[in-house]
Amino acid sequence: MSAPEAEHQAGTSHVGADRIRSVLTRLRRVDPRLYVVYVAFLLILVFFSIYLRDDGFTSSQNLLNIVKQTTPITVMAVGLVFVLSAGEIDLSIGSVVALSSLVAALTLRDHGMVLGILAGLGVGVGAGLINGFFTTVLRLPSFLVTLAMLGLIAGLARWVTDLASVAVVNERYANVFGSGSVGPVPSLLIWSAVVVALGWFLFRHTRFGAHVVATGDNTDAARVTGIRVARVKIAVLLLSGTLAALAGLLYAGRLQSATSTLGEQDLLPVIAAIVIGGTRLFGGTGSVVGALVGSLIMGMLNNGLILMGLSASGQMIAQGVILLTAISVTLREPRGS
Amino acid sequence: MKAPRKVAAVAAAIVIVGVAATTSVASLTANPPIPSSKTLGTTHGPAGEKATPTSALKLSAAEVAKVKKGHYTAALVWHQTSDFEAAVTAGARDTFKQLGIKIVATTIANFDAGKQKSDIETVMAKKPTVMLTLPVDPVATASAYKAAAQAGTKIVLLSNVPKGFVQGKDYVSVVTDDLFQMGKHAADALAFAIGDKGDVAYFFHDANYYVTNQRDQAFLKTIQGNFKNITIVDKQGIADPNKATDQANAVLLKNPNLSGIYVTFSQPPAEGVLAALKSNGSKAKLVSLDLDEPLALDMARGGNVTAIVADKAYELGASMARAAAYGILKKKAPAFVVAPAITITKANLVQGYQQSLHRKPPASVMAALGK
C-alpha cells in the first residue's frame, strides 16, 4: 500500500469513527422511555401469538376485533393527549360518551342521521366549551371543573331516557359508525386511523400543537412568548369533548343502541393508554401515536388474558402487574431530574 | 321519556302477570317458620312461559356419557364479580366437570354493555360449544349474542334475554330466580318480625333492571295486599347505591318510630341503611335480598337485620350447565327455569349459606353464632 493510499484509508477510517461516534452520541441523547411502549407492544403481541397460537389469537378476525374494541378508547385518548399535554385534565369524557350516544340515538330516531350525528357531537362541543369557560375565564382547576361536569352529564344521561336503552335502528348510521366495513376494512378501523392521523398531524406539525406543548410545559413562559394560553386551553377541552362525543357515536353504532352507562368506565383505560404511550400527566409532552399503541396494548391484554382462560380475578391481577411494569419504565424520571 | 322506558321494558324480558296460586317451586324451599301469606303474583318467562323448577332439568347416565365423549368446551360471560357470581360459577364448574366440559374462558363485564360485547367477540375466538351468560343490556348486546348463536354456540341465559331472541333457536333456556317469591318472602319476613303492624319504609332500586324491579314490586304488592295494618310511610328510590345511608338518615329523621325497612339489595344499599339505623339508635327491623357478610353478622348478633332473602345461586349455575347439556344433546329444554327463594334468619343462617352459596358463612358470622 502506498503512503497516500494509507493516508486516505486512515482519513476514511477517521471519518468513519467520527460518524459512529456521532451516531452513538445521538443515540445516547434519545430517551429510551419514548420507545418502551412500542417494544412492550411487540413483546405482548409476540407472547400472545406464541402462547395462544392454537386459541385463535392471531386469526384476522380476532386481531380486527381488538382494533374495533379499542377504537372508542383510542379516539378519546387522542383528545386527552392534547388536554394532558396542555397541563389540564378532562374527567368528563366518560359521561360525554353516554350522553352523546343517547342524544344521537334519540335524534336519529326522530329526525334522521345528519341531525342525529350533529346533536351527538353537539353534546361534546357544549361540554368542551363549558369546561373551557370555567377553566379559563373563571380560572378554576380543570380537575374540579370536569369532575363536576362528569357528575352533571352522567345525571343528564340517566335522566334523558330514565335509564332506558335506546335502540339504533338506522342501518346506514350503524354501518358508518361501527358495524359496517369498506371492503374487508371495518369502519371502526378507518375511524381509528383517521382520528389518529389527524391528531398526530395537529400535534406534531402545526403551530397549535406546539402551543399546546408550550402551554403545558410552562404556562407563564408560553404567555410571555405571546401564546394565547386561554384559547389553547379552551381549544384542547373542546377537542377532547368533541372526540368523546365521537366515541359515543361509535359506541352507538357498534352496539346499535345507546345506554346511560356507556363509556362510564372508560376514563381510567384512556388515561392508562395515554400514559403508557409516553404522555406526561402534568403537561409539556405527549404522543398521539403512543396513545394509539397504548390503547392497543390495553385491548390486547383484555383479549389475550381472556383467551388464556384466566379467571376474572386472574385477569385483573395480570393486567395490573403488566401495567405497573409498563408505567414504571415509561414514566420513571431519570436520576437527578 | 316514556317511550324509551317502554322499549327497554319490553326488552327486559320477564314480567310479573296475574294473580296465581303459589307455584310448585315455592314448595321446594326450606324456610324458617314464618307464616306464608297469600301469593298475589307469579314469575313468568319472557313470552309468558310457565316457570319450570330447576329440579326438572335431568340428565340420564347415558346422556352424561354421551356429553362426556364429546370433550366440549364452555365460556362463562358474566356481568360482574360477586358472591352470587362466584357461587353460580362454582355450580356450573362442578356440573361441567361431571359432564367432561372444559371451561376455556371467563369474562366479567362490570355492567358495561360495550365491554360485554367485546367479551363475547373475544371468547368466540375459542369457538366454545356452550356459553353461560347474563346479558348486561338486552338491547346493546343482542347483535354479539346473535353472532355467537349463528356460529353454533349453545347459549344458556341467566335472568336476562337479548332482544329478539327466540328460545330453541337462539338460546337453550333462560334460568333465573323465582323473583316474585323473593319479594314475597321478604314481605312475609318483615311482617312477621314487626307483628303484622306498624310503619315501614320501602327502599327500591330506581333503575330499569327487571330483576330488582320485579322483586321490589312483589314486596310492595304483598305488603299492600296482605297486611292491612302495615303502612308504607316512605318510598325511597335508590339510584346511587352508595347514597343509601344519607337517604336512610333522612327517612329516620322524618319517621323516628319506624318499625321496619325493606331494602332492594344488600350490597351496598342495605349495608348503608343498616349503618344509618345503628347511628340513629333505631330498633327498626331490616329485611333485604342477597346474602352479605355485614348483614348476616348483624343478624347473627341479634341486631336490626331480621331476615335476608336469597336465591340458590349455586343451583342456578348447576342448572345452567345441565341446560347446556340439553343444548348439546339437542334435547328439548324447558324455556324458563327458576330456582327457589330461601328466607334466611338467624335460625337457619348456616344452612342458608350452604343452600344459597354452597359454602359456610364467613368466620365472623360463625364466631357470632358461637360455632
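Figures for the structure shown
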quantity: Pick from the range A:146-161, criterion in a helix (DSSP H, G or I) and of a type outside the set (A, V, I, L, M), ranking: nearest to A:Asn131 (Cα to Cα); calculated: A:Thr146
quantity: Among residues of the range B:350-371, those that are crowded, with 17+ Cβ neighbours inside 10 Å and under 18 Å from the mean Cα position of the chain (by Cα), counted; calculated: 6
quantity: Unmet criterion (only one of (1) away from chain A (no Cβ under 12 Å); (2) over 27 Å from B:Arg215 (Cα atoms); (3) among the aliphatic types (A, V, I, L, M)) for B:Ile155; calculated: (2)
quantity: Answer from A:Leu268, A:Leu238, A:Leu262, A:Leu281 - the residue that is in a helix (DSSP H, G or I) and touching a residue at least 60 places away in the same chain (Cβ under 8 Å); calculated: A:Leu238
quantity: Breaking point among (1) outside any loop (DSSP other than H, G, I, E, B); (2) farther than 22 Å from B:Gln181 by Cβ, for B:Ser282; calculated: (1)
quantity: Residue match in the range A:67-75 (condition: away from every other protein chain (no Cβ under 14 Å), modelled with pLDDT of 95 or more and surrounded by 24 or more Cβ atoms within 10 Å (Cβ to Cβ)); calculated: no
quantity: A:Ala164 in a loop (DSSP other than H, G, I, E, B) and either in contact with an Asp or Glu (Cβ under 7 Å, 6 or more places away or on another chain) or buried (at least 19 other Cβ atoms within 10 Å of the Cβ) (or both); calculated: yes
quantity: Condition met for B:Thr39 (more than 9 Å from chain A (Cβ to nearest Cβ), polar (S, T, N, Q) and either under 22 Å from A:Asn302 (Cβ atoms) or not in a helix (DSSP H, G or I) (or both)); calculated: yes
quantity: Residue in the range A:310-328 that is surrounded by 24 or more Cβ atoms within 10 Å (Cβ to Cβ), within 14 Å of another protein chain (Cβ to nearest Cβ) and either of a type outside the set (Phe, Trp, Tyr) or closer than 27 Å to A:Phe203 by Cβ (or both) present; calculated: no
quantity: From B:Leu258, B:Leu274, B:Leu291, B:Leu295, residue being aliphatic (A, V, I, L, M), touching an Asp or Glu at 6+ places or on another chain (Cβ under 8 Å) and within 30 Å of B:Ala75 (Cβ to Cβ); calculated: B:Leu291
quantity: Candidates B:Leu291, B:Leu258, B:Leu274, B:Leu253 - the one that is under 18 Å from B:Ala187 (Cβ atoms) and not small (Gly, Ala, Ser); calculated: B:Leu258
quantity: Qualifying residues in the range A:280-295 (those that are surrounded by fewer than 23 Cβ atoms within 10 Å (Cβ to Cβ) and not β-branched (Val, Ile, Thr)) - the one nearest to the chain's Cα centre (by Cα); calculated: A:Ser287
quantity: Test: residue in the range B:328-341 that is modelled with pLDDT of 95 or more and part of a helix (DSSP H, G or I); calculated: yes
quantity: Only one of B:Ala105, B:Ala125 that is within 25 Å of the chain's Cα centre (by Cα) and either under 18 Å from A:Gly314 (Cβ atoms) or within 9 Å of chain A (Cβ to nearest Cβ) (or both); calculated: B:Ala105
quantity: Conditions (1) buried (at least 20 other Cβ atoms within 10 Å of the Cβ); (2) hydrophobic (A, V, I, L, M, F, W, C); (3) at pLDDT 95 or above; number of the one not met by B:Val64; calculated: (1)
quantity: Residue match in the range B:230-245 (condition: part of a helix (DSSP H, G or I), touching a Phe, Trp or Tyr at 6+ places or on another chain (Cβ under 9 Å) and surrounded by 21 or more Cβ atoms within 10 Å (Cβ to Cβ)); calculated: yes
quantity: Residue check, A:Ser101 buried (at least 24 other Cβ atoms within 10 Å of the Cβ) and more than 14 Å from chain B (Cβ to nearest Cβ); calculated: no
quantity: Condition check for B:Gly114: surrounded by 22 or more Cβ atoms within 10 Å (Cβ to Cβ), in contact with a helix residue (DSSP H, G or I) (Cβ under 6 Å, 6 or more places away or on another chain) and modelled with pLDDT of 95 or more; calculated: no
quantity: Verdict on A:Ala148 being more than 21 Å from A:Gly241 (Cβ to Cβ) and not β-branched (Val, Ile, Thr); calculated: no
quantity: Test result for A:Gln265, within 23 Å of A:Trp191 (Cβ to Cβ) and surrounded by fewer than 18 Cβ atoms within 10 Å (Cβ to Cβ); calculated: yes
quantity: Conditions (1) surrounded by fewer than 24 Cβ atoms within 10 Å (Cβ to Cβ); (2) at pLDDT below 95; (3) within 28 Å of B:Tyr210 (Cα to Cα); (4) within 12 Å of chain A (Cβ to nearest Cβ); number of the one not met by B:Arg93; calculated: (2)
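To keep it simple, each residue is scored yes or no on (1) among the small types (Gly, Ala, Ser); (2) crowded, with 21+ Cβ neighbours inside 10 Å; (3) touching a Leu at 6+ places or on another chain (Cβ under 7 Å); (4) within 11 Å of chain A (Cβ to nearest Cβ).
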| site | (1), (2), (3), (4) |
| --- | --- |
| B:Met131 | no, yes, no, no |
| B:Thr141 | no, yes, no, yes |
| B:Gln150 | no, no, no, no |
| B:Lys163 | no, yes, no, yes |
| B:Gln167 | no, no, no, no |
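The values are calculated or read from the model by the stated rules, or taken from the named source; none is laboratory data. Here the structure is a predicted model, which means the values were calculated and not measured. Methodologically, a virtual Cβ is constructed for each residue, glycine included, from the backbone with ideal geometry; neighbour enumeration extends over all protein chains shown.
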